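A short worksheet on the structure shown next.
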Amino acid sequence: VCSMGNSTSRLYSALAKTLSSSAVSQHQDCLEQPDSAQLDPIDPKDLLEECQIVLQKRPPRFQRDFVDLKKDTASNHRPIRVMQWNILAQALGEGKDNFVQCPMEALKWEERKCLILEEILAYKPDILCLQEVDHYFDTFEPLLSRLGYQCTFFPKPWSPCLDVEQNNGPDGCALFFLKDRFELINSANIRLTAMKLKTNQVAIAQTLKCNETGRLFCIAVTHLKARTGWERFRSAQGCDLLQNLKSITQGAKIPLIICGDFNAEPTEEVYREFSNSSLNLNSAYKLLSPDGQSEPPYTTWKIRPSGECRHTLDYIWYSQHALNVNSALGLLTEEQIGPNRLPSFNYPSDHLSLVCDFSFNQDPDRLL
């Protein structure tokens, strides 16, 4: 048992209060939100300190720097920080994904969850969009709600996590936003269709009002179908999501940010659909390239029995007529990732987190 400090661990007590209820809730209708209102708020510094105590035998976090992308136009409001991350479902990491160079010891949930929390706490997002969340009820909802986030979870109808023994329920998409910065106006859980058939992939779309500016915007999170050979399927799912978002944003009158693991390289049709959409979307991480037109060389890098996989699959899309990208978090270098790739003792997922700071354009109709 790892020592957790001089007094009863705040992290342990936060988790312990939810463990007895999680076993019951994990196989109930996952759209229900548990009530964590009775739990006391947590100071993020305290939680970060507790995570670091748990992780003291692991290598330190990788250093990643934000790249300043501000244009000359000054903004008179605080930027909105958005974080996108496929955190790797615990059941899949241990049971199905076969990361042949990653020791099983590195995947232990008691430590890996602290690596995930440490990453979130380090970047302090105003809005957090996650995929492959299979510990929502016993970890992320109780802890993040106590950090001031409003929490929403939408599981896959037939999650592959349920095929793994001793699973923690289905994985799905989760969306979190700080209640002191935003007001929820509308929320939609979307089960994506392809060729008129309902699929196993989902999205959450929420219209929020920025308390500081009074401006509305829509934030969406999704995770499209994986694997080679399913390109047309992903394209159909992307078209369905875009149609839903056109309706929700009244044809781009409401600014839009879409976070997701699209399981698609920039060469795929679904990427072109988003690039050429009437919603006037741009991919934020293209702005890190010298010409502003190229995606990063990778957002996921892993080694499976079939070989090494290095792909760009994760994106933050935004309404370029209404929003500016002030800065974006640089990616890990190949040297930082190391020869055994991801996940590892240093990093908890096979996907890199993406983080951007957005501000509202002062003249949102100018480019429409």
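Take the chain, connect every pair of alpha-carbon atoms lying under 10 Å apart with a spring to form a Gaussian network, then pick out the residue of P41, P348, P305 with the largest mean-square fluctuation.
Among P41, P348, P305, the largest mean-square fluctuation in the Gaussian network model of the chain belongs to P305.
Starting from a Cα-only point model with no solvent, please compute log10 I(q)/I(0) by Debye for region 146-215 at q = 0.14, 0.15, 0.27 1/Å.
Here log10 of I(q) over I(0) equals -0.57, -0.64, -1.14.
Take every Cα-Cα pair in region 47-198 and report what % of them are more than 24 Å apart.
Working: 4965 of 11476 pairs.
So the pairs more than 24 Å apart make up 43 percent of the total in region 47-198.
Could you please state how large a percent of the accessible area of the chain is carbon and sulfur, counting protein chains only and using a 1.4 Å probe? Don't jump to the answer; show the numbers that get you there.
On the way: 7870 of 16230 Å².
Roughly 49 percent of what the probe reaches on the chain is carbon or sulfur.
Towards the positive end of the charge dipole of region 27-185, with charges on Cβ (+1 Lys, Arg; -1 Asp, Glu), say which of V67, W109, F140 has the farthest Cα.
After comparing all options, I get V67.
Taking 7 Å along the Cα-to-C-beta vector as the label spot, tell me the E335-Q166 distance in nanometres, rounded to one decimal.
4.0
Roughly how many Å² is the accessible area per residue of region 92-185, as a whole number, for a 1.4 Å probe?
On the way: 3230 Å² over 94 residues.
I get 34 Å² per residue for region 92-185.
Which residue, chosen from S235, I120, N346, occupies the Cα position most advanced towards the positive end of the dipole of region 80-360, where the dipole is computed from +1 (Lys, Arg) and -1 (Asp, Glu) charges on Cβ about the Cα centre?
Final value for the positive-end residue is S235.
What are the lysines whose alpha-carbon lies under 21 Å from the alpha-carbon of K209, with same-chain residues fewer than 8 places away excluded?
By straight Cα distance, K209 reaches K124, K179, K246, K253.
By its C-alpha gyration tensor, with a ≥ b ≥ c as the square roots of the eigenvalues, how is region 266-364 shaped: rounded for a/c under 1.5, else prolate for a/b larger than b/c, else oblate? Can you show the working numbers first?
On the way: a/c = 2.81, a/b = 1.80, b/c = 1.56.
Prolate is the answer for region 266-364, as a/c is 1.5 or above and a/b outweighs b/c.
About its Cα centre, what dipole magnitude does the chain give when the only charges are +1 on Lys and Arg Cβ and -1 on Asp and Glu Cβ, stated in debye to the nearest 20? Display every interim value, and only then the final one.
On the way: 38 positive and 46 negative charges, 113 e Å.
Here the size comes out at about 540 debye.
Restricting to DSSP loop positions (anything but H, G, I, E, B) with no more than 15 other Cβ atoms inside 10 Å of their own Cβ, which GluC sites (Glu not before Pro) remain in region 175-248?
On the way: sites: E183, E212, E231; in loops: E212.
For GluC sites (Glu not before Pro) across region 175-248 that sit outside H, G, I, E and B with at most 15 neighbouring Cβ atoms in 10 Å, the list reads E212.
Work out, step by step, the length gained on full extension between N276 and D68: first 0.36 nm times the residue separation, then minus their alpha carbon distance; give nm to one decimal. Could you put the intermediate results ahead of the total?
On the way: separation 208, 0.36 × 208 = 74.88 nm, distance 2.61 nm.
Gain in length upon complete extension: 72.3 nm.
Is it possible to state the helix-based mean residue ellipticity at 222 nm for the chain, with each DSSP H run of 4+ residues giving -39500 (n - 2.57), the sum divided by total residues, to the nearest 500 deg cm²/dmol? What is it?
When only DSSP H runs of four or more count, the value is -6500 deg cm²/dmol.
Karplus couplings for region 207-218 from phi (6.51 cos²θ - 1.76 cosθ + 1.60, θ = phi - 60°), rounded to Hz, Gly and Pro as x?
Karplus values, whole Hz, x for Gly and Pro: 8, 10, 10, 6, 5, 6, 9, x, 7, 8, 7, 10.
Give the relative contact order (percent, whole number) for region 213-366; include only Cα pairs under 8 Å separated by 6+ residues.
Values: 258 pairs, mean separation 32.8, N = 154.
Computed value for region 213-366: 21 percent relative contact order.
Which whole-number value in Å² is the accessible area per residue of region 284-357, probe 1.4 Å? Intermediate values should be presented prior to the final figure.
Details: 2450 Å² over 74 residues.
With all protein chains present, region 284-357 gives 33 Å² per residue.
Please provide three numbers in whole Å: the alpha-carbon extents of region 80-360 along the principal axes, with the largest listed first.
For region 80-360, the Cα spread along each principal axis is 48, 41, 41 Å.
What's the extension gain from S75 to K57 if we count 0.36 nm per residue and subtract their Cα-Cα distance?
Contour length minus Cα-Cα distance gives 2.2 nm.
For the modelled label position 7 Å from the Cα of S294 along Cα-to-Cβ, which residues of region 57-71 have backbone nitrogen atoms closer than 13 Å?
none
Relative contact order for the chain: what is it in percent, counting Cα pairs under 8 Å that are at least 6 residues apart? Intermediate results must be reported in sequence, preceding the final value.
On the way: 753 pairs, mean separation 76.4, N = 368.
Answer for the chain is 21 percent.
Using Cα springs under 10 Å in a Gaussian network model of the chain, which residue among K156, K179, K45 shows the largest mean-square fluctuation?
The residue that fluctuates most here is K45.
The values are calculated or read from the model by the stated rules, or taken from the named source; none is laboratory data. Only a predicted model underlies this, so the values are computations on that prediction, with no experimental measurement involved. Methodologically, a virtual Cβ is constructed for each residue, glycine included, from the backbone with ideal geometry; neighbour enumeration extends over all protein chains shown. We work out accessible area using only protein heavy atoms, side chains counted, and drop any ligands, DNA or RNA first. Shrake-Rupley method; radii C 1.70, N 1.55, O 1.52, S 1.80 Å.
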